[in-house]
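Engineer: The structure follows.
The values are calculated or read from the model by the stated rules, or taken from the named source; none is laboratory data. Not measured: the values here are computed from a predicted model. Cβ: placed from backbone, ideal geometry, glycine included. Neighbour counts: every protein chain shown.
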Amino acid sequence: MTFRPAPVDTGILFVRTDLAPEVVIPARIDYAGESRLATRLEKGPVSIMTVEHLLSALAGMAIDNLLVEVHGPELPIMDGSANPFVFLLQAAGVEAQSAARRYLRVCRKVVLSEGDAEVSLSPHDGFRLEYTFVHDHPLIQHLIASSAVDLTTMSYIKEVARARTFGFLADYEAMLGMNLAKGGSLSNAVLVDDQGVVNEDGLRGRDEFVKHKILDAIGDLYLLGAPLLGVFRGVKSGHAMNRRLMQRLLDSPNAFEMVTFAAGDDVPGAIKNVDRQAVAI
Ligand SMILES: [Zn+2]
């Protein structure tokens, strides 16, 4: 994978450089395909799998414009978190561009429920995520199940980026069956079996699982194509519900608007803390 700078209004574009001719797939909800265990973008027969952790890093670092060249159908999983991507992007450096950022502001609550799982987006002057992780595995009951991250006042890099993917042995076997996660190992995910956490070094915190769900949601929501102003709430939800929630938001009349804030504008509360300039590497 190679990152390249991109001009204002490019957005995030993935480029499959292993194909001739190369295929460009925008990181937008209209290109999101069916998936349960990871987020996939597709254009005709060409797809790119597992884009959510990089998109999360880009959203968390407020990067609006970037070309992501990928030589193959799946992004490198790295350590299963967004931290290696943050490290690379910081090493490359980011640059403010000559355009105001365009935000997608949630104007009206949108909810989606499936069984005991629920996701919603509500109006908020900032970007906040709340997640409740529910699992009946007896050996992970001591973990912190609920967490809230307000990205207008808290650091994405400190609070979110390091939380790794976790998986249950059965899901891992299912992914191998779908020809995914072939490089999967204990160096790029936290694995839970009947006995509990398998990884010798344990967790990066008692909230690592719930924080990873927030990391995933930040990445998925970036498929809206603009930074969000609103609150995301999730209970037991995952990529597929995130995708349907975004679709519902876009399909609901008057549920959102696109806004920009120019210098000197009377901007509401927490938005004052948000970077207002478009950024590229
Ligand atoms: Zn993930």
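Engineer: Which condition does residue 234 not pass, out of (1) outside any loop (DSSP other than H, G, I, E, B); (2) at pLDDT below 95; (3) within 16 Å of the ligand (Cβ to nearest atom); (4) not β-branched (Val, Ile, Thr), if it passes all the others?
Structural biologist: (2)
Engineer: Here's a follow-up. Every residue in the range 113-129 that is of a type in the set (A, V, I, L, M, F, W, C) and either over 17 Å from residue 218 (Cα atoms) or free of Cβ contacts under 8 Å to residues at least 12 places away in the same chain (or both), please.
Structural biologist: Residue satisfying the conditions is 117 alone.
Engineer: Scan the range 14-50 residue by residue and report those that are assigned to a loop (DSSP other than H, G, I, E, B), at pLDDT 95 or above and within 16 Å of the ligand (Cβ to nearest atom).
Structural biologist: Matches in the range 14-50: 27 only.
Engineer: Quickly run through the range 158-200 and pick out the residues that are surrounded by fewer than 16 Cβ atoms within 10 Å (Cβ to Cβ) and touching a helix residue (DSSP H, G or I) at 6+ places or on another chain (Cβ under 6 Å).
Structural biologist: 193, 196
Engineer: Now for a separate question. State which residue pairs qualify: first residue at positive phi and inside the range 250-264, second residue surrounded by 10 or more Cβ atoms within 10 Å (Cβ to Cβ) and modelled with pLDDT of 95 or more in any location, beta carbons under 9 Å apart, and separation of 6 or more residues or different chains.
Structural biologist: 254/107; 254/108
Engineer: Got a sec? Which strands (runs of 3 or more DSSP E) wholly within the range 115-224 have at least 3 residues that are within 15 Å of the ligand (Cβ to nearest atom)?
Structural biologist: 166-168, 190-193
Engineer: Condition first: in a loop (DSSP other than H, G, I, E, B) and modelled with pLDDT of 95 or more. Now tell me which residues in the range 255-281 satisfy that.
Structural biologist: 255
Engineer: Here's something else I'd like to know. Scan the range 56-86 for residues that are within 18 Å of residue 41 (Cβ to Cβ), of a type in the set (S, T, N, Q) and within 16 Å of the ligand (Cβ to nearest atom) and jot them down.
Structural biologist: 56
Engineer: Looking only at the range 116-157, filter to residues that are closer than 22 Å to residue 50 by Cα and not hydrophobic (A, V, I, L, M, F, W, C); which one of those is surrounded by the most Cβ atoms within 10 Å (Cβ to Cβ)?
Structural biologist: Per the criteria, the residue is 131.
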